[in-house]
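Below is one structure, written out as structure tokens; comments come after it.
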Amino acid sequence: MGRRQLFDSDEVLLTMMQLFRCQGFHATSLRDLEAATGLHPGSLHRSFGNKDEIFRSALDAYVERVVRRRVAEHLQRVDDPLSGIRSYFTSTFETGLDHDPGCLVTNSAVESYALDELTTRGVRRGLEEIERGFAGAVARARAAGQVPTGLPADRLGLRLLVDYQGVLVLVRSGAERPRLRQVTEDIVASLREAPG
């Protein structure tokens, strides 16, 4: 009979997710994970596997709990699609935090050159979720007459993903909020002028 688990796996996973979000994959050691979770090495390994497996679990949890929730909240459930796109961008820097750790998907994409293929697939899944959310919001904005017909919604969705990743890098580097608000307004305005 195995030993009974004396910790909340969900809580531990959230702790590891936040640690990777703040420090990145390479800068986070197993000792860091043990210290943050309070788990002994054996418990950590038995429950979550090696560091690569732990990171994949944390990344999957982030996509499921953070990315999908934010896409639904800002890009799918709002009556005004362009306002939703704007709020998706601004919610990344209007957090009230002096130093925001940024998005785990974006931070991991920057490190993906040195991640294994299974892990980079998780990064791509996260980026695709965001891209689909943007494309859906653009299609709804077009149906509402907010965005001219012309470029397909999926191409504008990809362009918004690229813009969004750039904003996230600026957030992580400590760019001032007025500049981030201005670039967000420029991005939204560009959708109203998308080629017809």
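The values are calculated or read from the model by the stated rules, or taken from the named source; none is laboratory data. Not measured: the values here are computed from a predicted model. Positions of Cβ are backbone-derived with ideal geometry, glycine not excepted, and every protein chain shown enters the neighbour counts. These area figures cover heavy atoms from the full protein model, side chains too; ligands, DNA and RNA do not enter into them. Shrake-Rupley method; radii C 1.70, N 1.55, O 1.52, S 1.80 Å.
One table, with the values for the structure above:
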{"read-out": "Candidate set from segment 108-134 (those that are under 16 Å from F89 (Cβ atoms), among the hydrophobic types (A, V, I, L, M, F, W, C) and open to solvent by less than 20 Å² (accessible area, probe 1.4 Å)); member that is farthest from the chain's Cα centre (by Cα)", "value": "F134"}
{"read-out": "Residue within segment 31-44 that is closer than 20 Å to L118 by Cα and part of a helix (DSSP H, G or I) present", "value": "no"}
{"read-out": "Of the criteria (1) free of Cβ contacts under 8 Å to residues at least 24 places away in the same chain; (2) at positive phi, which one H45 fails", "value": "(2)"}
{"read-out": "In segment 177-192, residue farthest from R124 (Cα to Cα) [restricted to those that are free of Cβ contacts under 8 Å to residues at least 12 places away in the same chain and open to solvent by 80 Å² or more (accessible area, probe 1.4 Å)]", "value": "P178"}
{"read-out": "Selection count where residues are touching a Pro at 6+ places or on another chain (Cβ under 8 Å) and of a type in the set (A, V, I, L, M), scope segment 148-196", "value": "2"}
{"read-out": "Number of the exception - R86 against (1) open to solvent by 30 Å² or more (accessible area, probe 1.4 Å); (2) more than 30 Å from R177 (Cβ to Cβ); (3) assigned to a helix (DSSP H, G or I)", "value": "(2)"}
{"read-out": "Residue within segment 138-156 that is open to solvent by less than 50 Å² (accessible area, probe 1.4 Å) and within 17 Å of the chain's Cα centre (by Cα) present", "value": "no"}
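Residues checked against (1) open to solvent by less than 50 Å² (accessible area, probe 1.4 Å); (2) at pLDDT 90 or above:
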position: S57; (1), (2): yes, yes
position: E64; (1), (2): no, yes
position: H74; (1), (2): yes, yes
position: D98; (1), (2): no, no
